[in-house]
1. Only one of these is outside any loop (DSSP other than H, G, I, E, B) and either out of contact with any helix residue (DSSP H, G or I) (no Cβ under 8 Å at 6 or more places or on another chain) or closer than 30 Å to Leu122 by Cβ (or both): Ala23, Ala32. Name it.
2. Taking segment 159-180 as the search range and keeping residues that are over 15 Å from Glu249 (Cβ atoms) and without any contact (Cβ under 8 Å) to a residue 24 or more places away in the chain, which one is surrounded by the fewest Cβ atoms within 10 Å (Cβ to Cβ)?
3. Quick one: in segment 80-119, which of the residues that are among the acidic types (Asp, Glu) and within 22 Å of Ala54 (Cβ to Cβ) is surrounded by the most Cβ atoms within 10 Å (Cβ to Cβ)?
4. Within segment 125-135, is there a residue that is of a type outside the set (Lys, Arg) and outside any helix (DSSP H, G or I)?
5. Against the condition among the acidic types (Asp, Glu), farther than 17 Å from Leu37 by Cα and at pLDDT 95 or above, how does Asp96 come out, does it pass?
6. The conditions are (1) part of a helix (DSSP H, G or I); (2) charged (D, E, K, R); (3) farther than 30 Å from Ala167 by Cβ, and Lys67 fails exactly one of them. Which is it?
7. Mind counting the residues in segment 138-158 that are assigned to a helix (DSSP H, G or I) and either farther than 17 Å from Val253 by Cα or basic (Lys, Arg) (or both)?
8. If you go through segment 55-64 one residue at a time, do you hit one that is at pLDDT 95 or above and either among the polar types (S, T, N, Q) or under 20 Å from Gly128 (Cβ atoms) (or both)?
Amino acid sequence: MTPGTPPPGHGLLTGKSVLITAAAGTGIGSAAARRCLQEGARVAISDRHERRLAETAEALADVTGEKPLALACDVTDEEQVGAMIAATVEEFGQLDVLVNNAGLGGTASVLEMTDEQWSTVLDVTLTGTFRCTRAALRHMAERHSGVVINNASVIGWRAQRGQAHYAAAKAGVMALTRCSALDVAHLGIRVNAVSPSIAVHPFLAKTTTPELLDELAEREAFGRAAEPWEVATVIAFLASDYSNYMTGEVVSVSSQHP
């Protein structure tokens, strides 16, 4: 099955303001930003790579004719996270949707993995998601409204050699999603996650061997990896009122078979 072309926008997010972390480049973050713009949202994108962030904002200008708000932020820095949320609220008046896309991987056996390798992946992927969620929820709580969407991974469910740190972080993101959803349900705030199997983009290709990518793609029922936009459409659904009764859910974006 070939991926085809992305479906047209249907105004699912008209009037909503959306902030997406780690959105620079050509991966799921930038695809989510493009989809949210196509669905009528006002979008802010963030990344710690300022040059790539500016280039991505320029590329996204073809959707509406204007560049989205671009905010440099390192999610391991609490002060920068707070400034990112504050700048988004100042620009749009409110923050309706946060998409936590920031994450860091790597490959190492637990036999050789260092404390630094473990801690770095956990700090970006899990604790960074927590920092951004906490800052966004404090704003959303004042309005009794908002949506948080976390980017998890099927690795949080399924074992893969050399991925103990990343798998532990993504499993933690799933647990954070479920528990934080209960913490804020009474405030009318929803927290969900997507759990992609494999979505290939240039950055992933640089950090993973072609042999592993081929092996992972072969496990998919469609015989291929997902395109980033195929994950982004699910993110847009979770951000929209079409998923109004969903919270604490981890939605698998996958075609894997046993």
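1. Being outside any loop (DSSP other than H, G, I, E, B) and either out of contact with any helix residue (DSSP H, G or I) (no Cβ under 8 Å at 6 or more places or on another chain) or closer than 30 Å to Leu122 by Cβ (or both) holds for just one of Ala23, Ala32, which is Ala32.
2. The qualifying residue surrounded by the fewest Cβ atoms within 10 Å (Cβ to Cβ) is Ala159.
3. Glu91
4. no
5. Here the answer is no, as Asp96 does not meet what is asked.
6. Looking at each condition in turn, Lys67 falls short on (1).
7. 6
8. yes
The values are calculated or read from the model by the stated rules, or taken from the named source; none is laboratory data. Everything quoted here is computed from the prediction, not taken from an experiment. Neighbour counts are summed over all protein chains in view; Cβ atoms, including those assigned to glycine, are modelled from backbone coordinates with ideal geometry.
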